[in-house]
């Protein structure tokens, strides 16, 4: 009887030890986070306006007086004995090539010359008049000052006599053309000043820049089924060189901004600041990004992972386990997966890995998934058979969680919105998205957050600047 009781006790003790050996309870990795919301990546929004050369030409013709120059004295200009009067002789013609505005001004001129001759040893004097036609040519360098005022620098380019003036006195030809050439060259600078003033008075670039600047502070609703908003916060402006093509002068500014896409929440309008002075361009003018901050709650990761593995039993030779539940959290920058298992062994195991973003299918994945060191130490003693890599591979495959499965649809909506969308007041938005990346992927107490960045280009412009009449 004693032997029976003895062996019964031994069997009971062995059973208890076996149960204890099949139970895993490693120490939980410490939960910790270092999340600091990052500033959106800076974007460049192009604000542009065009000025039609033909309309500027019409205004200039209406503003430039018929009489452009008149010299009423024979004694000025070093006593040249010349008086000159010049009238417009038709329309002023303008063209813009690259960054230079070219002018042609047709003039009708009247030249009066005072002369003295000796005839039969007696001095005689008289005044003769000659008329001619000339085409004056100028070129204007156009730029914009830091305060948005237009700066022009007009210089004489050339001139061409269409009808040369000349007179003959007593068989002698008075070289009026030669003297007139010298006189015209001296006075071309005065014509240049008149042209510069006419241009600066013709349009107000600052007014259009201010309208576009102020409009950018108002969030734009993206048309479509998702409640998505584009919010722009501009903070500095640079001006690209003034260029011309196909009959237009193009003014283009590069505005450094924070551009964000917000979901399910209408952002408040930003506090409109005054149009700043123009700054040097510090980054490429075609650098545009829309920042979309989105996240996946840990509860979603837990649910979707469990759905993927719950109905499966995983064998390890003669042994097996099933995953019963998952708990996801952050620890020292790594994603920690706590899972409860049942089967040949029961208990809790911990794995850690690095969360990454897969841009191909916009999913969250975990790379370098490994057993936590304390879990590994416990398993070495009681469940070394689990350490053949199968659990790591299984969970790595299961942890492919889509980031807001609507991200691609939102991208499509944004792309459609950026194609010639009318904003009002003559302005329209135009752009294109080219690719999607993630600038930041971090763990927070509630979720994995990703700052998604849609890259491409964006411009806001007005079709044409109105010139002042």
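The values are calculated or read from the model by the stated rules, or taken from the named source; none is laboratory data. Computed from a prediction, not measured in an experiment: that's the story for all the values here. Cβ coordinates were reconstructed from backbone atoms using ideal geometry, including for glycine residues, and neighbour counts include every protein chain displayed.
The set of residues from region 53-70 being modelled with pLDDT under 85 and in contact with a strand residue (DSSP E or B) (Cβ under 6 Å, 6 or more places away or on another chain) comprises 66, 67, 68, 69, 70.
Would you confirm whether or not region 400-410 contains a residue that is within 15 Å of residue 309 (Cβ to Cβ) and modelled with pLDDT of 95 or more? Working first, answer last.
Here is the first cut: in region 400-410, the residues within 15 Å of residue 309 (Cβ to Cβ) are 400-401.
Still in the running and modelled with pLDDT of 95 or more: none.
Scanning region 400-410, I find no residue that is within 15 Å of residue 309 (Cβ to Cβ) and modelled with pLDDT of 95 or more, so the answer is no.
Check whether at least one residue in region 12-23 is at pLDDT below 80, assigned to a strand (DSSP E or B) and crowded, with 18+ Cβ neighbours inside 10 Å, and report yes or no. Reasoning before the result, please.
Here is the first cut: in region 12-23, the ones at pLDDT below 80 are 12-23.
If we keep only those that are assigned to a strand (DSSP E or B) as well, we get 23.
Now drop any that are not crowded, with 18+ Cβ neighbours inside 10 Å, which leaves none.
Within region 12-23, not a single residue is at pLDDT below 80, assigned to a strand (DSSP E or B) and crowded, with 18+ Cβ neighbours inside 10 Å.
Within region 358-396, being within 43 Å of the chain's Cα centre (by Cα), at pLDDT 90 or above and buried (at least 20 other Cβ atoms within 10 Å of the Cβ) holds for 364, 366, 369, 395. Give, as residue ranges, the strands (runs of 3 or more DSSP E) completely inside region 210-277 that count at least 2 residues that are touching a residue at least 40 places away in the same chain (Cβ under 8 Å), buried (at least 20 other Cβ atoms within 10 Å of the Cβ) and over 15 Å from the mean Cα position of the chain (by Cα). Strands (runs of 3 or more DSSP E) meeting the threshold: 248-263. Of the strands (runs of 3 or more DSSP E) lying entirely inside region 128-186, those containing at least 2 residues that are under 58 Å from the mean Cα position of the chain (by Cα), modelled with pLDDT of 85 or more and within 24 Å of residue 85 (Cα to Cα) are 150-163. Considering the conditions (1) surrounded by 14 or more Cβ atoms within 10 Å (Cβ to Cβ); (2) in a helix (DSSP H, G or I); (3) modelled with pLDDT of 80 or more, residue 77 is excluded by exactly one of them, (3).
Selection of first residues in region 301-315 that are loosely packed, with under 13 Cβ neighbours inside 10 Å and of second residues that are assigned to a helix (DSSP H, G or I), restricted to Cβ pairs under 7 Å at least 6 apart or on distinct chains, gives an empty result.
Residues in region 283-300 that are part of a loop (DSSP other than H, G, I, E, B) and either closer than 27 Å to residue 441 by Cβ or without any contact (Cβ under 8 Å) to a residue 12 or more places away in the chain (or both): 283, 284, 286, 287. Scanning region 324-333 for residues that are free of Cβ contacts under 8 Å to residues at least 60 places away in the same chain and buried (at least 19 other Cβ atoms within 10 Å of the Cβ), we see that the one that is nearest to residue 368 (Cα to Cα) is 328.
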